[in-house]
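Encoded as structure tokens, the structure appears first; notes follow it.
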Amino acid sequence: MKYEYSRIEKKWQQIWDEKKVYAAKNGDDRPKFYGLIEFPYPSGDGLHVGHPRPYTAMDIITRKKRMEGYNVLFPIGFDAFGLPTENYAIKNHMHPAEVTKRNIARFTEQLKMLGYGFDWDRCIDTTDPDYYKWTQWIFLQFFKHGLAYKMGMPVNWCTSCKVVLANEEVVNGVCERCGAPVIKKEKSQWMLAITKYAQRLIDDLDDVDFIERVKTQQRNWIGRSVGAEVDFSTTAGDKLRVFTTRADTLFGVTYMVMSPEHRFLEKWEPLIENLDEVRGYQAEAAKKSDFERTELQKDKTGVQLKGVRAINPVTGGEIPIFISDYVLATYGTGAIMAVPGHDTRDWEFARKFGLPIIEVVSGGDVEKEAYVDCETGTLVNSGFLNGLPVEEAKKKIIEWLTEHGLGEQKINYKLRDWVFSRQRYWGEPIPIIKCPKCGWVPMDEQDLPLLLPDVKSYEPTDTGESPLAHMREWVECTCPKCGGPAEHETDTMPNWAGSSWYFLRYMDPDNSEALASKEALDYWTPVDWYNGGMEHTTLHLLYSRFWHKFLYDIGVVPTKEPYMKRTSHGMILGLNPHNFDNLSDEEKASLVEQCGSEKEAKKYLVEKYGEMANQNIVKMSKSLGNVVNPDDVIKEFGADTLRLYVMFLGDFEKAAPWSPTAVKGCKRFLDRVWNLAENRIEGDESYSAANEAAVHRAIKKVGDDIDSMKFNTAIAVLMSLVNDFYSNAPSRGDIKALLTLLSPFAPHICDELWELQGFEGLCCQQKWPEYDESKTVESIKEIAVQVGGQLKTTVKVPLDSPDDVVLEAAKADEKIARLIEGKQIVRTIVVKNKLINLIVK
């Protein structure tokens with residue numbers, strides 16, 4: 001019988017669905033295991049081969065856990081609000097809800113084709129009002145506890161999406177989503193006070209099993225630093241407060257720099273003598289993103305404020321004040337003290353504008369370059385700090401500043417409060433009402449969800465105002481506090497809102513009285529193992545930890561951390577079509593003929609496509625035409641082959657290239673499994689003597705490798721076991737063990753062969769096999785027999801046999817007996833457990 005993967009896979013997917021094989025049970029006596037993947041954004045393009053890699057990995061882990069007797073929750077849902085859907089809908093003149101419904105149906109079909117063991121009865125959709133009712137409810141709790149507030153501030157504005165972006169959504173100065181330039185714009189925005197949780201977000205990383213690079217990225221993003229806040233008086237009468245980790249270098253401060261957006265600039269307008277120059281610089285700075293402004297390698301620009309000067313608090317001397325775009329209003333206090341003797345950027349700025357440079361930590365030559373290796377050293381030119389080591393000087397200056405009322409010790413964080421407003425249609429409406437009398441008023445919780453209006457026109461505005469603002473019937477409402485006329489907030493939530501708590505809704509998705517019942521939360525929380533992309537470490541992962549901690553503080557969830565374990569995966573890369581080595585033989589020949597040589601051909605490709613042409617492997621993209629559609633792979637080779645291959649690619653945590661040739665190799669392996677087991681093997685279910693050690697070793701190795709996410713080596717072990725079975729015919733028990741071990745990786749073929757063999761139940765529901773450590777070591781060894789140094793045959797002997805036993809076994813072999821007949825063995829050479837060499841004459 002032929003291995004008809006298409007028929008087999010559809011058959012078993014239907015059986016699993018009908019029997020609800022993968023349904024989790026709330027409040028079961030079995031130990032629970034909650035395995036989680038990052039739920040997908042349902043784009044119009046459907047799944048690509050990057051999706052199956054993390055999904056298959058967690059599917060394998062959870063399948064093994066079920067077989068080990070756990071009550072497993074492995075859920076799926078869709079993170080469906082957001083800009084891409086809205087932009088697609090606008091472009092194609094469709095409603096975002098219609099686009100979302102269609103895309104979710106497509107994703108569902110593709111995910112089911114891959115045979116994942118999701119509990120589909122728990123599927124969620126963040127655009128479902130029954131879901132976002134609770135997203136809105138959580139926002140109201142933030143507001144009522146003083147953690148959601150609205151304020152005017154310079155924000156990141158995407159010039160194409162026409163929407164405000166969080167700092168984390170701006171990558172290299174452009175919009176993470178569309179790649180368009182991001183500029184600064186003044187807007188009133190809803191904020192979530194994540195900074196109030198900064199220290200806890202750092203400290204509690206010690207209590208969870210996250211891979212170290214995830215912890216490091218989160219700590220660096222939060223950016224805790226210990227220093228001092230120092231007040232610099234000004235000739236305008238105001239005090240400029242700065243934060244510094246190096247208060248010991250105050251004697252070296254020769255100028256100050258303010259953000260172009262600093263609030264004092266408006267106040268000082270009558271005093272500033274070069275106001276036009278200042279205004280011109282502010283306008284240019286507004287066109288730049290935070291990334292562009294703070295890039296270390298960029299040209300140093302700035303304008304001195306003529307008419308206002310600062311006063312160094314330790315020397316009493318006046319120093320100039322500049323505005324420069326590398327200082328951000330949203331970071332620290334929006335002003336810095338400059339110590340050009342010991343900071344490279346300050347040194348370059350001072351050189352450009354002819355400002356004094358003073359050495360205050362000995363060890364370098366500040367006339368040639370900034371001496372920045374000054375974490376240790378001795379203070380000089382620093383008055384009462386002279387002669388002190390750096391650490392002692394830091395303590396003494398903070399004591400002095402505190403005593404004189406000029407400053408105080410301060411812990412600072414790079415982390416900013418979360419910009420939570422979006423001026424778009426396709427997002428959760430913010431459940432706040434603006435009343436002319438009462439101000440911002442929370443909606444009554446009984447009135448949730450606040451639904452999006454069902455309208456035809458929802459395009460973004462050039463002014464930055466939300467499209468909802470023009471929908472007056474929806475906007476106008478009654479104040480729940482005073483009963484007077486009021487208006488709904490017209491901003492919507494960012495696409496990160498729904499994903500900040502979705503793992504909780506899976507626990508009790510149909511609950512209409514709470515986001516989840518206390519019983520479900522107590523049973524399932526926390527998530528035992530969460531796998532996701534490194535790109536979400538400083539966005540979703542940080543945000544969801546913040547939301548969970550807040551919910552813990554108000555008594556909604558029972559644990560302070562949402563996830564006990566976090567791992568990550570590498571992406572699947574594609575062949576670069578612009579790389580010479582990836583061209584077809586015909587293309588290579590044509591290009592070489594055109595350019596004159598292979599060297600010139602490669603040079604031509606670099607000139608045409610840039611340095612990327614030198615890379616053999618690149619990120620898959622539609623523009624390069626190297627995206628692999630999983631549907632095509634499933635159609636040609638089957639879902640089990642695709643599942644097997646994405647796990648066999650290499651180290652799971654590292655990026656790996658897609659190889660069409662290697663896909664075929666995985667299909668051949670499954671063909672070999674099919675050929676071994678399609679015909680029923682009779683007999684009992686014990687392991688054969690010839691294969692017993694290999695089976696026990698495989699059980700141990702495959703189990704350990706799944707637990708440590710070494711899926712590629714687990715598959716290699718299974719391939720080796722199949723080779724053993726081809727060498728030594730497998731017993732019924734051998735086949736049973738193979739199918740059980742292979743089932744998490746290739747569940748369809750295993751359930752089919754299980755049925756053909758006549759075993760009871762479903763393969764995917766069997767108990768995970770146990771191994772005997774003593775039997776993982778072979779009791780019989782096959783050793784080589786040489787005569788005169790030439791290999792003649794092999795014989796089997798007990799492990800660690802004495803030399804005389806090995807010799808007798810060799811002499812008893814018919815072939816060797818004929819070769820040495822009538823000859824004298826003058827010497828034997830034995831390499832224990834490997835070979836015996838007979839020297840004869």
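The values are calculated or read from the model by the stated rules, or taken from the named source; none is laboratory data. Since the structure is predicted, the reported quantities are computational estimates derived from the model, not experimental observations. Reconstructed Cβ throughout: ideal geometry from the backbone, glycine too, with neighbour counts over all protein chains shown. Keep in mind that these areas ignore ligands, DNA and RNA; they rest on the heavy atoms of the full protein, side chains included. Shrake-Rupley method; radii C 1.70, N 1.55, O 1.52, S 1.80 Å.
Restricting Y41, Y34, Y22 to those that are of a type in the set (F, W, Y), surrounded by fewer than 21 Cβ atoms within 10 Å (Cβ to Cβ) and not in a helix (DSSP H, G or I) reduces the list to Y41. Residues in the range 518-530 that are in contact with a Pro (Cβ under 9 Å, 6 or more places away or on another chain), open to solvent by less than 10 Å² (accessible area, probe 1.4 Å) and farther than 28 Å from F652 by Cα: L521 alone.
C178 meets the conditions (1) open to solvent by 40 Å² or more (accessible area, probe 1.4 Å); (2) within 26 Å of D45 (Cα to Cα); (3) of a type in the set (A, V, I, L, M, F, W, C); (4) not in a loop (DSSP other than H, G, I, E, B) in every case but one. The failed one is (4).
With respect to (1) open to solvent by less than 20 Å² (accessible area, probe 1.4 Å); (2) of a type in the set (A, V, I, L, M, F, W, C); (3) closer than 22 Å to P509 by Cβ; (4) outside any helix (DSSP H, G or I), the lone exception for L47 is condition (3).
Within the bounds of the range 54-75, is there any residue that is in contact with a helix residue (DSSP H, G or I) (Cβ under 7 Å, 6 or more places away or on another chain), open to solvent by 40 Å² or more (accessible area, probe 1.4 Å) and closer than 30 Å to M493 by Cα? Break it down stepwise before answering.
Of all residues in the range 54-75, those in contact with a helix residue (DSSP H, G or I) (Cβ under 7 Å, 6 or more places away or on another chain) come to 56-57, 60-61, 63-64, 72-75.
Adding the requirement that they be open to solvent by 40 Å² or more (accessible area, probe 1.4 Å) leaves none.
Scanning the range 54-75, I find no residue that is in contact with a helix residue (DSSP H, G or I) (Cβ under 7 Å, 6 or more places away or on another chain), open to solvent by 40 Å² or more (accessible area, probe 1.4 Å) and closer than 30 Å to M493 by Cα, so the answer is no.
Against the numbered list (1) hydrophobic (A, V, I, L, M, F, W, C); (2) in contact with a Pro (Cβ under 8 Å, 6 or more places away or on another chain); (3) assigned to a helix (DSSP H, G or I), A80 comes up short only at (3).
So in the range 217-237, with the set limited to residues that are open to solvent by 50 Å² or more (accessible area, probe 1.4 Å) and outside any loop (DSSP other than H, G, I, E, B), which one is farthest from T315 (Cα to Cα)? Ranking the candidates gives Q217 first.
Sort out for me the helices (runs of 4 or more DSSP H) sitting completely within the range 274-384 that have 1 or more residues that are under 13 Å from M256 (Cα atoms). Break it down into steps so the answer makes sense when it comes.
Details: elements: 275-286, 290-294, 344-353.
Ranges flagged: 344-353.
Would you check if P730 is over 15 Å from R672 (Cα atoms), at pLDDT 95 or above, open to solvent by 10 Å² or more (accessible area, probe 1.4 Å) and not in a helix (DSSP H, G or I)? No.
Table: residues versus (1) over 25 Å from T641 (Cα atoms); (2) within 40 Å of the chain's Cα centre (by Cα); (3) among the acidic types (D, E).
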{"site": "N691", "(1), (2), (3)": "yes, no, no"}
{"site": "G703", "(1), (2), (3)": "no, yes, no"}
{"site": "S708", "(1), (2), (3)": "no, yes, no"}
{"site": "A714", "(1), (2), (3)": "no, yes, no"}
{"site": "L721", "(1), (2), (3)": "no, yes, no"}
{"site": "D724", "(1), (2), (3)": "no, yes, yes"}
{"site": "T740", "(1), (2), (3)": "no, yes, no"}
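For the range 251-272, the criterion of being open to solvent by 10 Å² or more (accessible area, probe 1.4 Å), closer than 30 Å to S160 by Cα, at pLDDT 95 or above and basic (K, R) is met by none of the residues. Filter the range 531-562 down to residues that are open to solvent by 30 Å² or more (accessible area, probe 1.4 Å), modelled with pLDDT of 95 or more and not hydroxyl-bearing (S, T, Y) and give me whichever is nearest to the chain's Cα centre (by Cα). Across the range 531-562, the extreme among qualifying residues is K560. The set of residues from the range 634-649 being under 18 Å from I706 (Cα atoms) and part of a loop (DSSP other than H, G, I, E, B) comprises just one member, L649.
Quick one: how many residues across the range 191-238 are without any contact (Cβ under 8 Å) to a residue 40 or more places away in the chain and in contact with a Leu (Cβ under 8 Å, 6 or more places away or on another chain)? Residues in the range 191-238 being without any contact (Cβ under 8 Å) to a residue 40 or more places away in the chain and in contact with a Leu (Cβ under 8 Å, 6 or more places away or on another chain): 2 in total.
The conditions of being open to solvent by less than 10 Å² (accessible area, probe 1.4 Å), on the phi < 0 side of the Ramachandran plot and under 24 Å from the mean Cα position of the chain (by Cα) are not met by L240.
Every test in (1) in a loop (DSSP other than H, G, I, E, B); (2) hydroxyl-bearing (S, T, Y); (3) farther than 17 Å from W426 by Cβ is passed by Y149 save one, and that test is (1).
Only one of the numbered conditions (1) out of contact with any Asp or Glu (no Cβ under 8 Å at 6 or more places or on another chain); (2) open to solvent by 40 Å² or more (accessible area, probe 1.4 Å) is violated by D417, and that is (2). State yes or no: is L504 within 22 Å of L448 (Cβ to Cβ), of a type in the set (A, V, I, L, M) and part of a loop (DSSP other than H, G, I, E, B)? So L504 does not fit the description; no.
Any residue at all in the range 144-151 that's surrounded by fewer than 19 Cβ atoms within 10 Å (Cβ to Cβ), more than 30 Å from G638 (Cβ to Cβ) and modelled with pLDDT under 95?
Step one: list which residues in the range 144-151 are surrounded by fewer than 19 Cβ atoms within 10 Å (Cβ to Cβ), which gives 144-146, 149, 151.
Cutting the leftovers down to more than 30 Å from G638 (Cβ to Cβ) gives us 144-146, 149, 151.
So of that shortlist, the ones also modelled with pLDDT under 95 come out as 151.
Yes.
Only a single criterion out of (1) assigned to a loop (DSSP other than H, G, I, E, B); (2) open to solvent by less than 20 Å² (accessible area, probe 1.4 Å); (3) farther than 23 Å from S568 by Cβ is not satisfied by F652, namely (3). The residue pairs whose first member lies in the range 134-163 and is under 23 Å from G82 (Cβ atoms), whose second member is in a helix (DSSP H, G or I) and modelled with pLDDT of 85 or more, and whose beta carbons are closer than 6 Å, counting only pairs six or more residues apart or on different chains, are T135/G498; A148/F142.
Identify the residue in the range 426-463 that is surrounded by 18 or more Cβ atoms within 10 Å (Cβ to Cβ) and closer than 12 Å to P96 by Cβ and, among all such residues, is nearest to the chain's Cα centre (by Cα). Here the answer is G427. Filter the range 797-841 down to residues that are open to solvent by 70 Å² or more (accessible area, probe 1.4 Å) and among the acidic types (D, E) and give me whichever is modelled with the lowest pLDDT. Only one residue fits best here, namely D800. Across the range 392-414, the qualifying residues are those that are among the charged types (D, E, K, R) and either under 28 Å from T461 (Cα atoms) or under 35 Å from the mean Cα position of the chain (by Cα) (or both), and the one among them that is surrounded by the most Cβ atoms within 10 Å (Cβ to Cβ) is K410. Within the span defined as the range 464-478, every residue fails to be in contact with a strand residue (DSSP E or B) (Cβ under 6 Å, 6 or more places away or on another chain) and either basic (K, R) or crowded, with 20+ Cβ neighbours inside 10 Å (or both).
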